[in-house]
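Report on the following structure.
The values are calculated or read from the model by the stated rules, or taken from the named source; none is laboratory data. Fair warning: this is a prediction, and the values are worked out from it, not measured in the lab. Every residue, glycine among them, receives a Cβ derived from its backbone with ideal geometry; neighbour counts consider all protein chains shown. Just so you know, the surface numbers come from the protein's heavy atoms only, side chains and all, with ligands and any DNA or RNA stripped out. Shrake-Rupley method; radii C 1.70, N 1.55, O 1.52, S 1.80 Å.
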Amino acid sequence: MTHSTAHYFLICLSAILILTGYQVMGQDHYQQNNPASFRDREAEVRPGQLISNVVRVVNPTRRAGEFSLRIDAPAGWQVVGFRERVFTMGPADTLFFPVRVIAFSGIQEPEPQIISASLMQQRNMISSESWVVLPVLQSAWNASASRNQIILTEYADTASFTINVVNTGDITEWFTLETEQPPGVFLLDEKGEISESLRSRFSLKPLQDTIIRFSYRVVDEAATETERFATGSARRKRVRVSLSAEPRVGAGRSWNSNVEIRKLSDKWVQNKLPYASLPLTIEFNAMDILSENAYGDLFLYGSKFFNENTTLSYFFQANFISNYLNPTAFLGQYLNINFQSKYFGVELGKTSIGTTGYALSGDGVKVTGKYDNHRLHLGYVASPGVFDSLKIREGISAEYVYAGRTVSGSTFFQRAENFIQKTDDQLMGGNLSYRFLGTQFVRVTANMTQQSHLWNPDSVFTVEGLGYSVNYSGRFNNLGLGMMYASSTADNLIRKGMESLSARASWRFNRQNRLAASWSSSKSQPNYYFRGQPRELNQERVRETYRLNYQYSGTVSSVSFSPVHYDYEDRFLSFTRSGAEVDYRLLSSSDFRFSVNTFLGYSTLPDSLIDPFFVANIRTNFRYFQYNLNLRYYYGPYFSNELRRFADTGRSFNRFAANLFFEEYFFRNSVMLRFSSLYNYSTYNHQSSVSVRPELYYFVNSGLRFGVYGRFFGMSVEQEDMAGLPDLSVGDEIYQYSRYEFGFSVKKDLNVPISGRRFYDFTVLVYRDVTGTGSRESRDPGVSEVWVRMQYIEPSSGSEHLSLSSLETFEAVTNRDGKAFFTHIPPGNYLLTLLPVAASGARFEARTYEVMVSSDRTLDLSIDRGARVAGAIVLERDQYTQADYFPVNNIRVTATNPEGQQFSTLTTNNGQFSLYLQKGSYTISVNENVFSDLFTLQNNNIPIDVVYEHEVITVNFVARERTRQIRIQRPGEQPEND
């Protein structure tokens, strides 16, 4: 092709493209060759939303004529304006018609919908065009619990609450409802009978709501010794309700709420004595009193809780191992005093310091400084004691810790001297952790150690060791990953030649199903020294584990299946084991617990001539209330010491063990029996042993406890390979041994005065002012079941209150006389609040008072229920009704004041309701969505004014059934447009 020809070709091509572009621009998205076309070919719409478009009509003929344009929409969709229009067009004329359509409000699936425009002339179809509309559905719902805390009186055992679920989205939501409750709390069904944890499935259409009621029975377990002598506390139980929606549009969502059930009495005892004191418990135990080896222990201990940040604990122990007078024994062998506050802490006596893997224990002191996220720990210990002339070890440590939400870390320095081995150790290191993207976590550690050997002054030498580790864990939606690598040199004092690597991955299919895989490998080869010389010991040890785990967690039970493979090797033994573990656990919320774990597999001993052999074990645990039974059976050698014996002798053996433990209270919790027993049997030498220990305790109200115990131990074993066992009596070829042991204990709770400062008794009497005098008269009755809460604000003038807290809370519930007692509380200013125990049927606003406690006194407070608002849901039925039955129970009626506070109740089976309101203005409303399409609510959002406390206001809601309409169309008539 010549240059001129190519130039001419480019000019023609450019002209064609320009003309084509002008034509396209002039079309404005309309189809050029279609007589009827939509401006927009596609659109998105929400249910019930109005969308618009434009249809362009072009006369395809060369003459004038009459045309008709018809718009067709899917069923339930409403065409606004014309559905069909007749018009006249001249040759090559163009007309534009707006189209407006309201989408069906009941769309449930995001399936594309077609709106068509048909152009006709003389009943002949000329053109048809489609407008594709894609519904955009939104999943939106919310749930709320009527209460997050329930207060039960001392003699009440049932509690109830409701959750309200509202579907504010565009689709029908399917929900799964689950409940979990702790031991001692039982779910009640509609008949009031105890049932298991609830798991149910239900659905809600758009703009519908429902209220679900839960009822529970609380069984108060036998009080423990601690609870018997507790000062002031509320027994707490927590119920969990979970709600999850199935993912239909987008991702699914879940909601959960915890409802705390608390049991309060009419009396709160803050301190046992009317003066400030430190609690002290004295306990003496005498063991094996019928033998020559009798010995005893004396304990003095206690703890003082000043506030949530400040505590003091102390512990003293003295051991007496002979009947000879030894005054130094009364000085004790163990003493620890620990004081912790918000900004600092001090620990004296027996303590431990140092980093993980190299801790020092002995007598000493440890000081902690705290500020915000920063911690500084300093410590000094000496063993056996600080003032002993012959010390074994002595050391110091310093550690700084920063605990941030995203970044955290620590650094430490430690030095220790061993006077027996004559070594001087120094360690330093730290770690750094970083959390990112919400679910990702990385941790890096590093340390350096140095040990100087001073046994021989002429050949002093020093060895150094290094160690580090990297740890990662994270989650990506349902995928969880983890990895850890650690390494240290043979002379490192913390990990001593350890190298380990592990990895894991897990996938959560849903809340019930989970699959995980893990692998770990470790190898250790440490160096040891004795008296300044290296010890030639082969301590190399290698472990490797492969595991695959599938776990299913249901509402009642969980089960897991794990294929697993082990490799192990040290200088005495090398073995492999392959098999599978099955674990089953009963997750019922009742007081019965059951679990079983089994393993089946094969083991091999590569260094011996023994063929691969089968091994198995099963471990079960039963618990019923306070009774606990554990059973274990092993078939074949399983543990490393058993495998070594099997490799040496070739004799396989089986083992069985059983353990029973329980505590039982009698005579109104004044007597307790504690029983424990253990039985072991092995087919190797037919060795068996049994141990039984019953203990009986008697509690006195003054805090004194007496106890006695007995113990029997017996064993029987064949003669072979049993050399070295002492005190065995020979009977034929069987060694047998048994012994009995008896002892007693005395325990007394005391309170040691620490000042002359007094505490006071404060009584609150809540009454109803029926006489209207404004003060309590003899005819004014007390109000029971009122929750009285006293919050400590500050000490009174001149007081030396020990608490550093700005807020302490004491709680009680009024009894039948309307009284709540607060015994031995500190003097000062209190914020006193009266709250209802149950809100349904007796609603009143919480009232708050500021009171001064400076002496023993009784405070009278009046409280009223308020005005009663009552009414019903009234149904007006059509003469030709289509509905045989329409439920009017459990319909929510709400009163809303101008501040937006809402007070709700539910209708009864016959549609009646009632609630109590304080003085003020309210709007009474009912949920209209419950009446579906059959009824129309005639009145709603009814305003009322409560003027008097004891008046009765009647409010009724009328719902009228829709009447049916009959349309008659005669032949030849056009149908009426909607």
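Once you put a point 7 Å from the Cα of residue 897 and another 7 Å from the Cα of residue 372, both along the Cβ direction, what distance in nm separates them?
Modelled inter-label distance: 4.1 nm.
May I ask which of 391/422; 237/747; 304/748 have a Cα-Cα span longer than 19 Å here?
Pairs exceeding 19 Å: 237/747.
In what sequence, largest accessible area first, do 793, 953 appear using a 1.4 Å probe?
Ranked list, largest accessible area first: 793, 953.
Which one, [x] 363; [y] 255; [z] 204, gives volume of the Cα convex hull per residue in Å³ as derived from the coordinates shown?
Correct label, based on the coordinates given: [x].
Please list, ordered by chain and number, the residues whose modelled amide H lies under 5 Å from the amide H of residue 914; skip anything fewer than 5 residues away on the same chain.
none
Per the Kirkwood formula on distinct C-alpha pairs, the Rh of the range 36-135 is how many angstrom?
Mean inverse Cα-Cα distance, inverted, gives 14.1 Å.
For residue 522 paired with residue 768, estimate the spin-label separation in nm (one decimal), with each label point 7 Å from Cα along the Cα-to-Cβ line.
About 6.9 nm, to one decimal.
Within the range 893-913, whose backbone N sits under 14 Å from a point 7 Å along Cα→Cβ of residue 932?
No residue qualifies, since no backbone N sits under 14 Å from the label point.
Which lysines, on any chain, are close to residue 919 with Cα under 29 Å apart, when same-chain ones fewer than 8 places away are left out?
Within the straight-line cut-off, residue 919 pairs with 819.
Per residue, how large is the accessible surface of the chain? Use a 1.4 angstrom probe and give square angstrom.
So the chain comes to 57 Å² accessible per residue, rounded to a whole number.
Between the range 620-641 and the range 339-379, how far is it from one alpha carbon centroid to the other, in angstrom?
39
Sort 46, 405, 535, 632 by accessible area with a 1.4 Å probe, largest first.
Largest to smallest exposure gives the sequence 405, 535, 46, 632.
Distance in nm between label sites at residue 61 and residue 631, each 7 Å beyond Cα in the beta-carbon direction?
9.6
Distance between the C-alpha centers of the range 86-109 and the range 252-300? Whole Å please.
If we compute the Cα centre of each part, the gap is 81 Å.
Per 0.36 nm of contour for each residue apart, how much would the distance between residue 859 and residue 941 grow if the chain were fully extended, relative to their Cα-Cα spacing?
25.4 nm
Whenever you get a sec, line up 529, 371, 468, 627 from highest to lowest accessible area (probe 1.4 Å, protein heavy atoms).
Output order, biggest surface exposure first: 371, 468, 627, 529.
Can you give the extra length, in nm with one decimal, that the chain gains between residue 134 and residue 321 once fully stretched, where that is 0.36 nm per residue apart less the Cα-Cα distance?
Stretched fully, the residue 134-residue 321 segment lengthens by 58.5 nm.
How much of the accessible area of the chain, probe 1.4 Å, is carbon plus sulfur, in whole percent?
Carbon and sulfur: 53 percent of the exposed surface of the chain.
How far is helix 3-27 tilted, in degrees, relative to the longest principal axis of the Cα atoms in the chain, given as a value from 0 to 90 rounded to the nearest 10?
That works out to roughly 80 degrees.
Take peptides 75-84, 338-347 and line them up by average Cβ neighbours within 10 Å, highest first, as a rough protection proxy.
Order by mean packing, descending: 338-347, 75-84.
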